[in-house]
Amino acid sequence: MRVFTAAFAISSGLIVLLGYFFQIPALMQLRLILTDWAIVIAGFAVLIGIFNLIAVQMEKIRTRQKGSVFGAALVLSLIVTFGFGLLLGPEDPFMRLAVDAVIVPVEAALMAILAVTLIYASMRLLRRRVDLMSVLFLTVAVIFLAAIMPTPFGQLLGSQFIIDFAGMFSRGGARGLLLGIALGTLLTGLRVLFAIDRPYGGN
Amino acid sequence: MIALGILVFAVVLLLALTLWRRRSPATLRKIDAYDRLNREVGLAVENGTRLHISLGRGNLFTSRGGSALAGLAMLRRIAERTSVSDRPPIVTSGDAALTILSQDTSQSGYRAAGAEEQFRVSAGRMTGLSPFSYAAGTIPIARDENVSATILLGDLGAESALVAEVADRQDSSLIAASDNLPAQTILYASAQDPLIGEELFAAGAYVGAGASHEASLLVQDILRWLIILTILGGAALKFLGIGF
Amino acid sequence: MADIRCPSCGKNNPDFLDVCQFCQTPLKPESMVHTGENPVKKNTGELEPILPQWLRDVRQQARASAEENAAEEAAKPKVQKEPPDLLAGLVSQTREDEDEIPDWLASINPSTKPRSIEAPPPEPKPEKDFFAKFDISKPGQTAPQVDEPIQEDVPSWMAGAADSMQVHEEKDELSAWLAQASAESDKPIELEFDGASQMAGVDQPSFTIKQPETPKAEEDLGWLHALEDSSKGPAQPSAPQPDLNWAPGAEPSQPSAGQEDLNWLNTLGVASEPAAQESTPVQSVPQTDSPDWLTNLDVGHGMEAPSAPVAPFVPRRTAPLDEKSSADSMPDWLKSATEEPSMPAPGALSDWFREADKPPRFDQAQRELSTPQSFDLTQGKPVPLEQGDAPAPAESASLSNQDIDSLFSVTMPDWLSHPEPGAEGAPPSKVEAPGDEAITPVDLPAWVQAMRPVESVISETASVENQPTEREGPLAGLRGVIPIAPIGSSRRPKAFSLKLQASDEQQSAAGILEKILAGEMNPRPLATPAFVTSQRALRWALSGLFILVLGAMIFLQTQSMPISAALPVEVSNISQAIVSLPPNSSVLVVVDYEPALAGEMEAVTGPLLDQLVLLGRPRLTFLATSPNSSALVDRLLANTKISLPAPNGLDYKAGENYFNLGYLPGGSSGVLEFVESPASAIPSAGVHNLSEYAAVILLTDHAESGRNWVEQLDARKRIDPSLANQPLLVAASAQAGPLLQPYVSSRQVTGMVSGLSDAARYEFVNNSRPGIARAYWDSFGVGLLMAIALIAAGSMWSLITGIRARRAEAGAG
């Protein structure tokens, strides 16, 4: 079985990969078919993930662990939303109300907490780790914030120069990081493509 | 075609260096984060605490799936080492397919350790489909499950700051790495030993996932130097007015 | 002796055997044990016939002698308590057959009268029977009557037996002589000096044994005399004797008199006297069938008796058990049984050790005999020790030494009396057996010789010649038997220090481990975190500060922060691209941001969409590449006042002015598929080619999505020339803008508005429509100012406190 899965994974990956490089109609057609299959499987994987989420929360409710109340609220809200979505449709004003009144505000609040968290972490950085890079990090961060900060007097003098100059290094460094990440992603994909790594089991 | 040539070249290098590394293992440079990781794995087993491993929300259909696969390779080794622990590690993710893969990988680790009966499906959980809902579902695990170390390895965004904050409140160790630059910036200020850039993809080599991981690092270095040379060469040619 | 034919094999067996000596078949039916049969109680007297013949003879003789003794005791005036007759049970009540008691047993009590044996005269026994030689009891002899006084001393439980003894004539003779012996217990014991004591080389006080009265001895020990005579006969190998014929010189029983039966006892007693006094050999008894070893022994003793001859079987003469019984009433050999033990008591032995230095207490006559001599076991005579080996005569032992020496009154072999001459390392001498080939010594191989430990020991020890001769103890007169090893030699084991060799680091680690182990038993108090901590308080403070300040500014809708009118280049490009779009065209809007960043994205996208809708009234087609984004389209249009009805909004209606295609799965593959064939990817798109869209607007909060669209569109443009002029406009959040800037610089992206700052400027130029960015602008500025201040101040505070804490730890540690 493991050999079959490995063989199927390898063949699928090679077909899709070669379909990007070679404009052969049959190869392209196979790529589209395989992509469609993957999309369908991913859709069902979402359902499986949701079932897993429900199962974990139900187990927490059954064993009365800490936070089981929130787990019950999660399961209840999921059932209600899913039910109304099936009955009313996603365009129904009730569903829009759920998005506008619940989902977006909650995540926006988390984003706001993130801002406070980042400021707090920045404040404690030098207590946790005192080195040149930490000091440089904080210094550059403060300078950037000051450069983009609007003031009643307009932008600060030299803010554009700071943004361009410092941005040059930051963008260059980011590009380097992205290149390294791209290389790592490439090699990781090749390992999976040639079944050297088999995250789908049997490894 | 250049891309295809680079791809073929990378494949050949990878296969050849994998065979070579099997005979002569590589000497890797010291990365404090992975040293801490290995130590935390042992301490968790000894103390009876658990590890929290979060693979992020990387979609396998996008390039962000590469970091998720790197996290799975690390998960495989950690699951094998912590199979004898009283409290097995909990693996969280923000993608459904990644959750299924994490469960299967954990089971493989338990099977390799001969403790497959210890595996529980609830060890792999999907905590949310959106980034902040994923973070919101991960925070209670890091806070209430007697976690001694939190390992964030995968495609994580700014929401990783919330998880890092919880780890800091619980005085638990945090080993985090992401392919997302804003997340790297945030984790640099939050984690004890931050991992920057492609150090995320070195996790497999540092936890002993196999010779192929060490070979991948070497191929990355080779290709990086090729890119550097190409960029410098192209810049020089452009500077000299030689267009292409 | 009558033979019994075996019923199984048919061979003859002596009558005293119960089972055949050849096939082990029971010879007598009464001796067979039948399984399953219940035991039948029988009178012990009825068991007499099943006894072996020889035992019956002995018993008969004993009874006879006991009767005689009893008769003598009855004649004595003094009556003493007799010990209980322990052997009374052996007397049969219904003894009818007249068992013949051997003479030697019957003549145990010399005071007994010549008895007559009631039992019929025993049949002439063959020579095979040992006891036949001793059987000198006369036929008709009866067991001595039990003495009256003796019966009085019998306990009540034995009265019945005593009565039976009175009734029956045959009595147990042993009880009688035991009683007699006890009466003579106070009689001094005289032991005879023998040559064995001379072997110790120590002057031993000797003692003599008083000889019993000759007549009685002769009478009682006739069979002993007979034995003696037989032993003194010619030393000729006797005829092949049966297995039981071990009694030397025993003649067939003479029915004449008891004195003849005990002649051998007399001879032994006579032989001991001449052995001590005379050097002449004892007259030997005509020997008929005595074994050679006894003959030789006697000859040896008799022929070569020295001035102080020693007989190997000189019986010990001990004091009689009964004081009143004369010494003559007890045979010598029996008197020896009642003598003091040769081995002294423990106390006496210790006294002997203490008195080792004291001069010996022995007679002068015996002093001469106590000259250090070694005893030649082979010759049976003492041999004078070599000069120099003789211990000092002054060193002697007490009486106990004689006792000890008397233990060795046996012939000692030469190997024990004389150590092997020569060194041990000498090659083995040739041993020549008489009449055999000489045994050639074998040269030991080197590895065998190396295994010999004796050499290494001997090499460190003195040679045999240099070792002193033992002067006392069992090895008196010998030397070199136990090699002397130097005390404190070099073979003492090397002393090693028991102290554990551990370094300081190891010891410190051991100490730490010990503390850890000790701490394991101590309960540690659980560290309960306080509800209010400094960290939590700081977080609350920060949160409260930001909420209050920024909320107030938003509520007040202040617009004190000026906005610059200078647009960035990438923002200008967007404006120019929108102006160049044809009216009522189709524009694809890709929504790819999460609900968390909806506020920012709406502020960033608002001026772009507002200008687009105001200028061209295009048909907007929204496409989401994340599952949550499709639900954000309506919110976007509502907040940007596009879908609001006039006059507040631009009155865009769903399904008429804008369309929501929903979620596009597959990530990059889905984008590729849509770019190649929109209808195949999403059939409800209504277009067959991407070129049907006048522009593509990408709304994203992460660079990955922008990169995907950029890459796919760029690759498609290379194939489809109609897409060459299709602009790609990007509205990105502040975190994705810098990462997409290279695409803008490379003109793969036509224009990009990134973050609130660009959006505010773009909105200012767009006549401040819709106004979301302007509303956030002042709060944004104040928030940034607060963040800068808090970060700077907090970092400085953390730096100072961190340095102070490390100094404190360094000072304490």
Practice prompt. Could you please find all residues in segment B:91-122 being surrounded by 19 or more Cβ atoms within 10 Å (Cβ to Cβ), more than 10 Å from every other protein chain (Cβ to nearest Cβ) and more than 15 Å from B:D155 (Cβ to Cβ)?
Written response: B:S106, B:Y110, B:F119
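With the structure loaded, tell me whether C:G667 is within 14 Å of chain B (Cβ to nearest Cβ) and out of contact with any His (no Cβ under 7 Å at 6 or more places or on another chain) or whether it fails that test.
Criteria met by C:G667.
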Worksheet item: Can you tell me which residue in segment B:61-85 is farthest from the other protein chains (Cβ to nearest Cβ), limited to those that are outside any helix (DSSP H, G or I) and touching a residue at least 40 places away in the same chain (Cβ under 8 Å)?
Response: B:S85
Worksheet entry | Verdict on A:G172 being farther than 30 Å from C:S564 by Cα and under 25 Å from the mean Cα position of the chain (by Cα) | no
Worksheet item: Quick one: in segment B:124-137, which of the residues that are within 18 Å of the chain's Cα centre (by Cα) and assigned to a helix (DSSP H, G or I) is surrounded by the fewest Cβ atoms within 10 Å (Cβ to Cβ)?
Response: B:Y134
Worksheet item: Restricting the first residue to segment B:147-175 and requiring it to be closer than 15 Å to B:M74 by Cα, which pairs with a second residue that is among the polar types (S, T, N, Q) and assigned to a loop (DSSP other than H, G, I, E, B) meet a Cβ separation below 9 Å and a spacing of at least six or different chains?
Response: B:A149/B:T49; B:A149/B:S172; B:T150/B:Q170; B:T150/B:S172; B:D155/B:N59; B:D155/B:T62; B:D155/B:N180; B:I175/B:Q192
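Which of the residues spanning segment C:641-664 are under 24 Å from C:G599 (Cα atoms) and either within 14 Å of another protein chain (Cβ to nearest Cβ) or within 60 Å of the chain's Cα centre (by Cα) (or both)? Please lay out each step first, then the result.
Step one: of segment C:641-664, the residues under 24 Å from C:G599 (Cα atoms) are C:641-654, C:657-664.
Correct list: C:S643, C:K653, C:A654, C:Y658, C:F659, C:N660, C:L661, C:G662, C:Y663, C:L664.
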Practice prompt. Go through C:R774, C:R747, C:R761 for me and flag whichever is outside any helix (DSSP H, G or I) and farther than 19 Å from A:A141 by Cα.
Written response: C:R747
Worksheet item: For residues in segment C:565-609 being in contact with a strand residue (DSSP E or B) (Cβ under 8 Å, 6 or more places away or on another chain) and part of a loop (DSSP other than H, G, I, E, B), which is surrounded by the most Cβ atoms within 10 Å (Cβ to Cβ)?
Response: C:Y593
Worksheet entry | Sole exception among (1) more than 27 Å from B:L17 (Cα to Cα); (2) out of contact with any strand residue (DSSP E or B) (no Cβ under 9 Å at 6 or more places or on another chain) for B:E214, by number | (1)
Worksheet item: Quick one: would you say B:A96 is more than 15 Å from the chain's Cα centre (by Cα) and in the same structural domain as B:A202 (by TED's automatic domain parsing)?
Response: yes
Discussion item. What's the number of the only condition in (1) modelled with pLDDT of 90 or more; (2) within 11 Å of chain C (Cβ to nearest Cβ); (3) over 30 Å from B:P194 (Cβ atoms) that A:R62 fails to meet?
Written reply: (2)
Worksheet item: Pick from B:I139, B:I151: which is among the β-branched types (V, I, T) and under 20 Å from B:L200 (Cα atoms)?
Response: B:I151
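Here is a yes/no grid of residues against (1) surrounded by 17 or more Cβ atoms within 10 Å (Cβ to Cβ); (2) within 13 Å of chain C (Cβ to nearest Cβ); (3) of a type outside the set (D, E); (4) farther than 24 Å from B:N146 by Cβ:
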| site | (1), (2), (3), (4) |
| --- | --- |
| A:K66 | no, no, yes, no |
| A:G71 | yes, no, yes, no |
| A:G85 | no, yes, yes, yes |
| A:D92 | no, yes, no, yes |
| A:V104 | yes, yes, yes, yes |
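Say we look at segment B:138-162 and pick out the residues that are part of a loop (DSSP other than H, G, I, E, B) and out of contact with any Leu (no Cβ under 9 Å at 6 or more places or on another chain); which of these is farthest from the other protein chains (Cβ to nearest Cβ)?
In the first step, residues of segment B:138-162 are kept if they are part of a loop (DSSP other than H, G, I, E, B); the result is B:145-146, B:156-159.
Still in the running and out of contact with any Leu (no Cβ under 9 Å at 6 or more places or on another chain): B:145-146, B:157.
Values: B:E145: 9, B:N146: 11, B:G157: 7 Å.
Selected residue: B:N146.
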Worksheet, complete the sentence: Within segment A:148-162, residues being facing chain C (nearest Cβ under 10 Å) and either assigned to a helix (DSSP H, G or I) or among the charged types (D, E, K, R) (or both) number 2
Discussion item. Checking C:R804 against (1) more than 10 Å from chain A (Cβ to nearest Cβ); (2) closer than 26 Å to A:A121 by Cβ; (3) at pLDDT 90 or above, only one condition comes out false. Which one?
Written reply: (3)
Discussion item. For segment C:744-765: of the residues being in contact with a Phe, Trp or Tyr (Cβ under 7 Å, 6 or more places away or on another chain) and more than 14 Å from every other protein chain (Cβ to nearest Cβ), which is modelled with the highest pLDDT?
Written reply: C:V753
Item to complete: Tell me which of these B:A26 doesn't satisfy, since it passes every other one: (1) in contact with a helix residue (DSSP H, G or I) (Cβ under 6 Å, 6 or more places away or on another chain); (2) in contact (Cβ under 8 Å) with a residue 40 or more places away in the chain; (3) more than 10 Å from chain A (Cβ to nearest Cβ); (4) not in a loop (DSSP other than H, G, I, E, B).
Response: (4)
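Could you check segment A:41-133 for helices (runs of 4 or more DSSP H) lying wholly inside it with 3 or more residues that are within 30 Å of B:A191 (Cα to Cα)?
Numbers: elements: A:68-88, A:93-98, A:104-123, A:125-128.
Ranges flagged: A:68-88, A:104-123, A:125-128.
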Worksheet item: Is it fair to say C:F496 is in the same structural domain as C:G794 (by TED's automatic domain parsing) and at pLDDT 70 or above?
Response: no
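Residues checked against (1) under 30 Å from A:M149 (Cβ atoms); (2) in contact with a helix residue (DSSP H, G or I) (Cβ under 7 Å, 6 or more places away or on another chain); (3) away from chain A (no Cβ under 14 Å); (4) not in a helix (DSSP H, G or I):
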| residue | (1), (2), (3), (4) |
| --- | --- |
| C:R524 | no, no, yes, yes |
| C:A537 | yes, no, no, no |
| C:W540 | yes, no, no, no |
| C:L548 | yes, no, no, no |
| C:A552 | yes, no, yes, no |
| C:Q559 | yes, yes, no, yes |
| C:Q611 | yes, yes, yes, no |
| C:L623 | no, no, yes, yes |
| C:L632 | yes, yes, no, no |
Item to complete: May I ask you to verify whether A:L136 is over 30 Å from C:N639 (Cβ atoms) and within 8 Å of chain C (Cβ to nearest Cβ)?
Response: no
Worksheet entry | All positions within segment B:196-235 that are small (G, A, S), touching a residue at least 24 places away in the same chain (Cβ under 8 Å) and surrounded by fewer than 17 Cβ atoms within 10 Å (Cβ to Cβ) | B:G208
Discussion item. Looking at segment C:616-624, can you tell me whether even one residue there is surrounded by 17 or more Cβ atoms within 10 Å (Cβ to Cβ), touching a residue at least 60 places away in the same chain (Cβ under 8 Å), in contact with an Asp or Glu (Cβ under 6 Å, 6 or more places away or on another chain) and among the β-branched types (V, I, T)?
Written reply: no
Worksheet entry | From the options A:L186, A:L125, residue that is out of contact with any Pro (no Cβ under 6 Å at 6 or more places or on another chain), more than 24 Å from C:A759 (Cα to Cα) and modelled with pLDDT of 90 or more | A:L186
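The values are calculated or read from the model by the stated rules, or taken from the named source; none is laboratory data. Fair warning: this is a prediction, and the values are worked out from it, not measured in the lab. Neighbour counts are summed over all protein chains in view; Cβ atoms, including those assigned to glycine, are modelled from backbone coordinates with ideal geometry.
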